[in-house]
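See structure below.
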Amino acid sequence: MYEKILIPTDGSDTAAGAVDHGIDLAEKYDAEVHALYVVDTDSMSITLGGEQLDRIEQGQFDEMDEIRERAESATGYVADRARERDVPAVEHISAGRPHSLIGDYVEDNGIDLVVMGSHGRSGITRALLGSVTERTLRSTHVPILVVDAQAE
Ligand code: ATP
Ligand code: MN
C-alpha cells in the first residue's frame, strides 16, 4: 500500500507529532521515510535582501549556520526516530515555497503518502489548518494524513 512516506517538517512540536504517526505506518508497511525541510524563502523575504535570498533559493545555504542548523535538526529528528525503529530514512533540504516543494518532492520521488501536522511553527491561530498544510492538500494528489496539533 505504502512504500515511500513523506514527512515534511518545520521542526515544530506539531510536526513532531506527525513524525510518530508517519514512522509507525512506515514500520507496519515496510516503507521508507523521507524527511523534508523547506527553507521558507517567502517568509524570509521580509527580513533578507534580494542577493542573500537568491543564494538561498539556489541551495547555497550551507555556509549560513543558523539556517542550515535549523534545517538539519528538523530532518535529523525524523531520521533518528525512524532509525530507532529500524525504518530506513532519507533526509532532504530545499529552499523556496514550502507547499510547492513538497508537491514537487512527491512527484519526483514517487511518494505514496504524506504525513504532516495541522499546524507548524506559527502555532494554532484562528485558522483551522496552517497555510502549508492547506495548500499541500489543495495541490497534491496522493493521500495526506494530517495530525492535529491539539491531539498531541
Ligand atoms: P502558517 O505557516 O500558515 O502561519 P503554521 O506554521 O501553524 O501556520 P503550517 O506552516 O501550515 O502551519 O505547518 C503545518 C505543517 O506543514 C507542519 O506541521 C509541517 O508538517 C509542514 N510544514 C510547514 N512548514 C514547513 C516547511 N518549511 N518545510 C517542511 N514542512 C513544513
Ligand atoms: Mn508555518
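The values are calculated or read from the model by the stated rules, or taken from the named source; none is laboratory data. Predicted model, so just to flag it, every value in this text is computed and none were measured. No Cβ is skipped: glycine too gets one built from the backbone with ideal geometry, and neighbour counts run over all protein chains shown. These accessible areas exclude ligands, DNA and RNA; they are computed on the full protein's heavy atoms, side chains included. Shrake-Rupley method; radii C 1.70, N 1.55, O 1.52, S 1.80 Å.
The table below gives the values:
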read-out	value
Total residues in the stretch 1-20, condition within 11 Å of ligand 1 (Cβ to nearest atom) and open to solvent by 10 Å² or more (accessible area, probe 1.4 Å)	8
Tally of residues being in contact with a helix residue (DSSP H, G or I) (Cβ under 9 Å, 6 or more places away or on another chain), buried (at least 18 other Cβ atoms within 10 Å of the Cβ) and not aliphatic (A, V, I, L, M) across the stretch 46-76	1
Which numbered condition Gln60 fails, given (1) farther than 28 Å from Met1 by Cα; (2) within 10 Å of ligand 1 (Cβ to nearest atom)	(2)
Test result for Arg81, modelled with pLDDT under 95, among the basic types (Lys, Arg) and closer than 23 Å to Leu145 by Cβ	no
Every residue from the stretch 23-45 that is free of Cβ contacts under 8 Å to residues at least 24 places away in the same chain and within 14 Å of ligand 2 (Cβ to nearest atom)	Ser43, Met44
Output for the stretch 103-128, where each listed residue is in contact with a strand residue (DSSP E or B) (Cβ under 7 Å, 6 or more places away or on another chain) and in a loop (DSSP other than H, G, I, E, B)	Gly110, Ile111, Asp112, Ser118
Subset of the stretch 85-128 [more than 11 Å from ligand 1 (Cβ to nearest atom), touching a helix residue (DSSP H, G or I) at 6+ places or on another chain (Cβ under 6 Å) and either without any contact (Cβ under 8 Å) to a residue 60 or more places away in the chain or open to solvent by 70 Å² or more (accessible area, probe 1.4 Å) (or both)]	Arg85, Ala89, Glu91, Gly103
Subset tally (residues that are of a type outside the set (A, V, I, L, M), away from ligand 2 (no atom under 16 Å from the Cβ) and more than 17 Å from Val39 (Cα to Cα)) for the stretch 98-138	5
